[in-house]
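> Can you keep this structure in mind? I'll have questions shortly.
The values are calculated or read from the model by the stated rules, or taken from the named source; none is laboratory data. Because the structure is a prediction, the values reported are computed rather than measured. Here the Cβ positions follow ideal geometry from the backbone for every residue, glycine too, while neighbour counts run over all protein chains shown.
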């Protein structure tokens, strides 16, 4: 089943900021040619040339607004043929590539536009959005932050920036980005949920309580509300409160995406392994391509001592998301238990590339290297792990095991 695109809300009427949006066309600022192009023409000839290009550009914008992508592309390429330094034309070609979901090509075009029009915030917003859609949350932060600096009232840029900071575990920064949106978005379930996650992990208990209270205040009997409320309790490490909310959501809509996954997580936190396994299996019937479900099942089997099934499900998770450090970490632990140290090393190396700031990864890698009789490298890894513990860098990234709280309902891998 083909996965749905990024969602900030689990239902269309939740009122969340639209990320996919219409990618509005960027106007040709000033309507003038580049300096180089202008100098190549006589003053008499330049006036009609500029007028012709303005007309062509306007035709491209109109075609883009109508969704006629081929016609729009032809118009903007015609503009570039006459004025290769038209940053707005490159930007709109980037928008066309975005609508086609050709993210790599879109990023290349937008970056060329940014070089020519570095002060155009709309281009940087689209660059951030493309990086977000590609799952490059760390890479999206800088362009989105620059838009927020230039346009503090941009709800879309702030919401995206807050999400990227949550996904990269920069929770204090996420609060800074999201809290100013309270006045306009405190009626939105998903905004309150994300703000609560950020506030809880940033030790902003006041804001965490405020977000949860507001969530309860605006709630109703929709299954989506009970799902979000259940996840909020999970993120507050209160699985006993999460369970009845999630069960209510599942009873109202057993096919609701992520509800059985969340129930599985809640049951796992309560150490109800059989119930957790049953819920994860139900989730696979609804969302068979969700890598987090396979990874959670693997963690469950690892806890139960069933290394064979754990290994199989870690591999299934990596088939669907080859950038999942927790799956590589789990495989490394299995191979360590089986004394397969040569198999453990590439697994832990992959985890390290994806999670270089995780002290547990460095510690396990040190153990693997020690078993492979590479003492100097092993001691170096142990020293890194020790420094991280002493500096308290591992406070929230201490484990890649089943104690983390996955939030797949916030973001989907790009299609």
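> Regarding segment 101-121, can at least one residue be identified that is part of a helix (DSSP H, G or I), under 13 Å from residue 160 (Cβ atoms) and either touching a strand residue (DSSP E or B) at 6+ places or on another chain (Cβ under 6 Å) or modelled with pLDDT of 95 or more (or both)?
The answer is no; no qualifying residue exists.
> Now for a separate question. Need a quick list: helices (runs of 4 or more DSSP H) entirely within segment 277-390 having at least 3 residues that are without any contact (Cβ under 8 Å) to a residue 24 or more places away in the chain and under 30 Å from residue 256 (Cα atoms).
307-320
> Is there any pair linking a residue in segment 154-183 that is on the phi > 0 side of the Ramachandran plot and touching a residue at least 12 places away in the same chain (Cβ under 8 Å) to one that is outside any helix (DSSP H, G or I) and surrounded by fewer than 21 Cβ atoms within 10 Å (Cβ to Cβ), with Cβ under 7 Å and at least six apart or on different chains, and which?
169/396; 169/397
> Can you find a residue that is surrounded by fewer than 15 Cβ atoms within 10 Å (Cβ to Cβ) and either on the phi < 0 side of the Ramachandran plot or out of contact with any helix residue (DSSP H, G or I) (no Cβ under 6 Å at 6 or more places or on another chain) (or both) anywhere in segment 358-370?
No, segment 358-370 contains no residue that is surrounded by fewer than 15 Cβ atoms within 10 Å (Cβ to Cβ) and either on the phi < 0 side of the Ramachandran plot or out of contact with any helix residue (DSSP H, G or I) (no Cβ under 6 Å at 6 or more places or on another chain) (or both).
> Does residue 102 satisfy being within 19 Å of the chain's Cα centre (by Cα), touching a residue at least 12 places away in the same chain (Cβ under 8 Å) and either farther than 25 Å from residue 216 by Cα or surrounded by fewer than 16 Cβ atoms within 10 Å (Cβ to Cβ) (or both)?
Working: within 19 Å of the chain's Cα centre (by Cα): yes; touching a residue at least 12 places away in the same chain (Cβ under 8 Å): no; either farther than 25 Å from residue 216 by Cα or surrounded by fewer than 16 Cβ atoms within 10 Å (Cβ to Cβ) (or both): yes.
Considered against the rule, which asks whether it is within 19 Å of the chain's Cα centre (by Cα), touching a residue at least 12 places away in the same chain (Cβ under 8 Å) and either farther than 25 Å from residue 216 by Cα or surrounded by fewer than 16 Cβ atoms within 10 Å (Cβ to Cβ) (or both), residue 102 comes out as no.
> Let me ask something else. If you take the residues in segment 164-181 that are in a loop (DSSP other than H, G, I, E, B) and surrounded by fewer than 17 Cβ atoms within 10 Å (Cβ to Cβ), which one is farthest from the chain's Cα centre (by Cα)?
Step by step, filter segment 164-181, then rank; the result is 169.
> Right, next: May I ask you to verify whether residue 38 is in a loop (DSSP other than H, G, I, E, B) and either under 20 Å from the mean Cα position of the chain (by Cα) or modelled with pLDDT under 50 (or both)? Can you show your working first?
Details: in a loop (DSSP other than H, G, I, E, B): no; either under 20 Å from the mean Cα position of the chain (by Cα) or modelled with pLDDT under 50 (or both): yes.
When the stated conditions are applied, residue 38 does not pass them.
> Same structure again: Looking only at segment 229-261, filter to residues that are part of a helix (DSSP H, G or I) and in contact (Cβ under 8 Å) with a residue 60 or more places away in the chain; which one of those is surrounded by the fewest Cβ atoms within 10 Å (Cβ to Cβ)?
Among them, the one singled out is 235.
Residue-wise test of (1) closer than 25 Å to residue 282 by Cβ; (2) touching a helix residue (DSSP H, G or I) at 6+ places or on another chain (Cβ under 6 Å).
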{"residue": "207", "(1), (2)": "no, yes"}
{"residue": "210", "(1), (2)": "no, no"}
{"residue": "215", "(1), (2)": "no, yes"}
{"residue": "220", "(1), (2)": "yes, no"}
{"residue": "224", "(1), (2)": "yes, no"}
{"residue": "237", "(1), (2)": "yes, no"}
{"residue": "248", "(1), (2)": "yes, yes"}
{"residue": "254", "(1), (2)": "yes, no"}
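> Taking segment 81-90 as the region of interest, how many residues are in a helix (DSSP H, G or I), over 29 Å from the mean Cα position of the chain (by Cα) and buried (at least 16 other Cβ atoms within 10 Å of the Cβ)?
Here the count works out to 1.
> Still on this structure: Which residues, taken from segment 265-276, are surrounded by fewer than 16 Cβ atoms within 10 Å (Cβ to Cβ) and outside any helix (DSSP H, G or I)?
270, 271
> Let me ask something else. Any idea which of 191, 132 is within 30 Å of residue 356 (Cβ to Cβ), assigned to a helix (DSSP H, G or I) and at pLDDT below 95?
Checking each option against the conditions leaves just 132.
> Hey, another quick one. Just give me the residues in segment 158-190 being in contact with a helix residue (DSSP H, G or I) (Cβ under 7 Å, 6 or more places away or on another chain) and more than 26 Å from residue 406 (Cβ to Cβ), in sequence order.
180, 184, 187
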